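For reference, the structure is listed below as C-alpha cells.
The values are calculated or read from the model by the stated rules, or taken from the named source; none is laboratory data. These numbers were taken from a predicted model, which means no experiment stands behind them. Here the Cβ positions follow ideal geometry from the backbone for every residue, glycine too, while neighbour counts run over all protein chains shown. Only protein heavy atoms, including side chains, enter the accessible area calculation; ligands, DNA and RNA are left aside. Shrake-Rupley method; radii C 1.70, N 1.55, O 1.52, S 1.80 Å.
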Amino acid sequence: WYASNGCFTDLQDHCTAIAKDAGLKLNAKDAWRWLSQGGFTTEFVGRASLGSFDLNSSRHLVDRFLGGEQNRKIAQYNIFKLNIRGAKKDKIGDLRDGKINRVPCYRRGDVTLPLAGIYGNMIEILGQTSDIATIYNTVVANVQNRVAPGAVMGTVTSYLQALEAMLIQGWVTAKLDPKKPKLEISSTTGRLIRSEDAAREAMTKAKGSVKFN
C-alpha cells in the first residue's frame, strides 16, 4: 500500500516522523521509500542481514544469478582489527515485541555498527584478539555455552558473517600474516537455497525416508 500511494505528501511527511522514532533522520521522500520497502520490519539489528536474508543466503542468491561463487573477504586475511576512526556514537531503532527500542551504535557517514547482538559480541572479541584462529576459537567457546549442540555451527557462521560485514563496511581492517593460518570456509551452497536439481534430489530422499502406518 505504501509503495503504491507515494502521491500523498502528508503521508510522506508522517513517514519522516516514523523514521525519526526508529532513530533515522530521513527526508519525506527517503522515509517513504524506507517504509514502503519494509523499513525496520525486515532488519535484524544484532546480526548481518540484507532484508529477510542473512549474508550467506544473499551471497548465494547472487551466485545463482552470476553462475559462479563469490569469494569471502575474511578468507583472504588472518589479522583483523576494529576500526572506529571517525565514527560517532549514536542510536538506531530496533522493532521488537511491538516496540521500537533504541540501540546504541557507531555511525560513520551513512553506515552504522550496532553495539548489540552478534555485532556487540564480535566487537568485544576484537578488543581481546586480532588473530583469526583465536577469534574463531573464542566464538566457538562462547557459543557452546549458550546454544543447543545442533545450533552451534549455525551460530558460529552468524559470527563469521558479522565479521565479513564489518570488513566490507570498513569497521574492521584486515591484513595477511604469512606466518599464520587463514580461515578455510566452505562453499556458500547451503540447505536453504538449492538449485532445482538439488531440490528434487532432496525431496526424493525425503519421500523415501517417510513411512506411514
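For Met153, what accessible area in Å² do you get when you roll a 1.4 Å probe over the heavy atoms of the protein chains, rounding to the nearest 10?
110 Å²
Just how much of Lys99 is accessible, in Å², when a 1.4 Å probe is used and the result is rounded to the nearest 10?
Probe radius 1.4 Å; accessible area of Lys99 about 140 Å².
Past 25 Å, Cα to Cα, is the threshold; run Lys25/Lys81; Lys20/Lys88; Lys81/Lys179; Lys81/Lys182; Lys73/Lys180; Lys73/Lys179 against it and keep the listed order.
Violating the 25 Å limit, Cα to Cα: Lys25/Lys81.
According to a simple spin-label model (label point 7 Å from Cα along Cα-to-Cβ), what is the distance in nm between Asp177 and Lys91?
So the two model labels end up 3.9 nm from each other.
Mind jotting down the three principal axis lengths of region 117-174 based on Cα atoms? Whole angstrom, largest first.
32, 19, 17
Taking N as the number of residues in region 77-120, what value does Rg over Cα atoms divided by 2.2 N^0.38 Å take?
Dividing the Cα Rg of region 77-120 by 2.2 N^0.38 Å gives 1.36.
In Å and on Cα atoms, what radius of gyration and Dmax does region 87-145 show?
13.9, 40
Heavy atoms only, 1.4 Å probe, whole protein assembly: order Glu124, Glu184 by accessible area, highest first. Please list the in-between numbers first.
On the way: Glu124 120, Glu184 175 Å².
Sorted by accessible area, descending: Glu184, Glu124.
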